[in-house]
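Trainee: First the structure, which I've put down as structure tokens, then a few questions once you've had a look.
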Amino acid sequence: MGTKSREERTPPKPKTPTFQLELPLVAEAGQAARLGAHLEVGRQFYNAVLSAGQRRLRRMRADPAWQAARAIPRTHKQERKAAFSALRERYGFSEYAFHELARKLRVNWLAEHLDAVLAQTLASRAYRALNRVCLGKAKRVRFKSKSRGLDSIENKRNDTGMRFVLQTQNQGRPHGLLLWHNDQLAALIDWDDPVVAHGLAHEIKYARLVRRRASSPRAQGADREGERYFVQLVLKGLPHHKPKHTVGTDTIGLDLGPASIAIVPREAEARLEPLCAELRPDARSIRRLQRQMERQRRAANPEHYDERGRPRKRGKGAPRWKQSHRYQAIRRRKAARERKLAAHRKSLHGQLAHQIVRVGHTIITEKISYKGWQKRYGRSVGRCAPGMLIDHLKRTVASTGGTLIEVPTRSTRLSQFCHGCGEVVPKPLWQRWHQCPCGIGPVQRDLYSAFLAAYLDPAADPIPSCARYVVPWEGAEARLRAAHERATQRANEGQVMPRSMGIPRAGARLPESRSEPTPKPVVLAPSRPAGNVEGTLRTLRA
Ligand SMILES: [Zn+2]
């Protein structure tokens, strides 16, 4: 083992760029049954590795040396690293050791279903899951239950085991086949789709089999169990670039909120928009299904709730939860809706990313804590997935040769900074406007921080300085105001805007002047002299 682990320490091969292509598979009844059996074996194997690995992790953490290693201050980097890697070596907690484990576990009937390489990738997956627990990034690992199953399995290479091949028959266009054991599953290929044609012209690194549940067994392409199979090809190279997606040259500042985005380029038009507003109806229908399922659960399992309707504690001896057929049908429908929502969201993210890249290829934004956001704005973050948008944008920008720069929030503090006086004043959440006694503003706060981001120089100094902004502000102020006005206009036309944007709901009357962001209530005191009352009335009229 000693020689091998040294081998593992040699620097990894440089990573070549990859992209993916997904193709639906045609699985006949017999093939689908065999695929299901292979995946079930994969599931059991994954659980076995995960369980053995979990034991190793527990033993390692129970070792007094673990606490000693943790006590080494973080400033002693080398020492700390050495202590932890010695522990990992002793308890066999490494990806390589997991591969060894997988080799020992893959015996008898398991080996008939699972190729050696596939077993290895499953072991790597189990290791990654446990390593997250080890590093404190996750609390626990999840075993794959029989009902949920293992829904994907992948290879490492495309020459043995499960692999994808293109076959040319006489003169026609090539057929794509996923080969696994003795089965040949035909892929549906639309050669007229430029994305598909581009993908298949590239070298295949490896293939991944994915199983998805359709909304019902009668759904198109589903097998008797209501399942559909797809192959995901991991390809070498860069993804297809549609000619309609042009790339701009501007520098853009972004301010991303849980449900909104402010986009301020240095030259082009600024924008303030809700994130994924189109998903609202879908999310609402999912919530309705959730409520229906909750009612069904309660009706079928009264013994699980106390007299006040609160769920009882779940223990070991508790009776099983009953699921009506109708409940199962609704659950399936909800899962299908949820998949649809996720796909819709992805396409909206893609659209927005391309719109941004069309304006400019240098993008500056603050790095945000998505985890913290999830805790504070669970629902919006769940629907809009701003973290996924940033990832999507990062990929799009990178594929066009641009850069997305994330500056640390703690040092820049764009949402607190005022370029007029250089003061750093935190704004409470409800305060949607930046207005400073020094004369800057009022300006919508998200647009303002996106403006500050646009003119940062992250290479030299990610801390904003007043001098930088004096000239740009002259031209930007009007653009920011115009962006806010356009958003207000759309709200008046009936589009729902998140409250965080500081735009009153459609139909609500707007104050005519934005010069007073938070108008103070006017009190008409009877004892005041007449002139004063007239003054207040004038303000009321204005
Ligand atoms: Zn100021």
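Trainee: When the accessible area of the chain is computed with all protein chains present and a 1.4 Å probe, what percentage of it is carbon and sulfur?
Mentor: Taking all protein chains in place, the chain shows 51 percent carbon and sulfur surface.
Trainee: Then there's this: Excluding residues on the same chain fewer than 8 positions from LYS146, give the lysines whose Cα lies under 17 Å from its Cα.
Mentor: Qualifying lysines at Cα under 17 Å: LYS322.
Trainee: Counting alpha carbon pairs within less than 8 Å and at least 6 residues apart, what relative contact order, in whole percent, applies to the chain?
Mentor: 13 percent
Trainee: Compute the distance in nm between two label points, each set 7 Å from the Cα along the Cα-to-Cβ direction, one at GLU294 and one at LYS81.
Mentor: 4.9 nm
Trainee: Now, a different point. For the range 220-371, what relative contact order do you get, as a whole percent, if you take Cα pairs closer than 8 Å and at least 6 residues apart?
Mentor: That works out to 36 percent.
Trainee: Of GLY172, SER145, HIS202, which is farthest on the positive side of the dipole of the range 141-215, counting Cα position, with +1 on Lys and Arg Cβ, -1 on Asp and Glu Cβ, and the Cα centre as origin?
Mentor: SER145
Trainee: For the range 392-480, which GluC sites (Glu not before Pro) pass both filters: DSSP loop (anything but H, G, I, E, B) and at most 16 other C-beta atoms within 10 Å?
Mentor: When the GluC sites (Glu not before Pro) of the range 392-480 are filtered for loop state and at most 16 Cβ neighbours within 10 Å, GLU423 remain.
Trainee: A further question follows. Can you give the relative contact order of the range 113-259 as a percent, counting alpha carbon pairs under 8 Å and 6+ residues apart?
Mentor: Once normalised by length, the contact order is 17 percent.
Trainee: Compute the long axis of helix 77-91 from its Cα atoms, compare it with the longest principal axis of the Cα atoms of the chain, and write down the angle in degrees, 0 to 90, nearest 10.
Mentor: Once rounded, one gets 30 degrees.
Trainee: Angle between the Cα long axis of helix 95-105 and the longest principal axis of the chain, 0 to 90 degrees, nearest 10?
Mentor: Between the helix axis and the principal axis of the chain, the angle is about 40 degrees.
Trainee: Now for a different question. If you average the C-alpha positions of the range 64-88 and of the range 146-201 separately, how far apart do those two centres end up, in angstrom?
Mentor: Centre-to-centre (Cα) distance: 46 Å.
Trainee: Mind checking the full-extension length gain between CYS436 and GLU338? Use 0.36 nm per residue of separation minus the Cα-Cα distance, one decimal, nm.
Mentor: Net length gain for the segment: 30.9 nm.
Trainee: With a sphere of radius 13 Å drawn around the Cβ of PRO64, what net charge do the other residues whose Cβ falls strictly inside it have (Lys, Arg +1; Asp, Glu -1)?
Mentor: Net charge in that neighbourhood comes out at +3.
Trainee: Going by average Cβ density within 10 Å per residue, which order do the peptides 375-382, 439-446 take, highest to lowest?
Mentor: The peptides rank, most packed first, as 439-446, 375-382.
Trainee: Give or take rounding to whole Å, what are the principal axis extents of the alpha carbon atoms in the range 289-338, in descending order?
Mentor: Ordered largest first, the range 289-338 gives principal extents of 32, 22, 17 Å.
Trainee: Which number comes out as Rg/Rh for the chain once both Rg and the Kirkwood Rh are worked out on C-alpha atoms?
Mentor: 1.03
Trainee: What is the distance, in nm, between label points placed 7 Å from the Cα along the Cα-to-Cβ direction at LYS367 and at CYS421?
Mentor: 3.1 nm
Trainee: Give a quick list of chymotrypsin sites (Phe, Trp or Tyr not before Pro) in the range 400-434 that DSSP marks as loop, anything other than H, G, I, E or B, with at most 15 other Cβ atoms within 10 Å.
Mentor: TRP430
Trainee: Then there is this: Loop-only check: which chymotrypsin sites (Phe, Trp or Tyr not before Pro) in the range 299-345 are DSSP coil with at most 13 other Cβ within 10 angstrom?
Mentor: TRP321
Trainee: How many angstrom lie between the Cα centre of the range 254-325 and the Cα centre of the range 342-419?
Mentor: 23 Å
Trainee: Once both labels are modelled 7 Å past Cα along the beta-carbon direction, what's the GLU267-VAL210 spacing in nm?
Mentor: Label-label distance for GLU267 and VAL210, simple model: 3.9 nm.
Trainee: To continue, here is another question. With a ≥ b ≥ c the root eigenvalues of the C-alpha gyration tensor of the range 182-318, is it rounded (a/c under 1.5), prolate (a/b larger than b/c) or oblate?
Mentor: Because a/c hits 1.5 or more and a/b fails to exceed b/c, the range 182-318 counts as oblate.
Trainee: Quick check: from the Cα gyration tensor, does the range 143-257 come out rounded (a/c under 1.5), prolate or oblate?
Mentor: Oblate is the answer for the range 143-257, as a/c is 1.5 or above yet b/c matches or exceeds a/b.
Trainee: Return the subset of LYS15/LYS346; LYS144/LYS242; LYS104/LYS346; LYS375/LYS427 for which the Cα-Cα distance in this structure is over 31 Å, preserving the input order.
Mentor: Going by Cα-Cα distance, LYS144/LYS242; LYS104/LYS346 fall outside the 31 Å limit.
Trainee: Right, here's the next one. What lysines does LYS77 reach when the alpha-carbon gap must be under 22 Å and sequence neighbours fewer than 8 apart in one chain are set aside?
Mentor: The reachable lysines, counting only those whose Cα sits under 22 Å from LYS77, are LYS137.
The values are calculated or read from the model by the stated rules, or taken from the named source; none is laboratory data. Everything numeric in this text was worked out from a predicted model, so none of it was measured. No Cβ is skipped: glycine too gets one built from the backbone with ideal geometry, and neighbour counts run over all protein chains shown. Just so you know, the surface numbers come from the protein's heavy atoms only, side chains and all, with ligands and any DNA or RNA stripped out. Shrake-Rupley method; radii C 1.70, N 1.55, O 1.52, S 1.80 Å.
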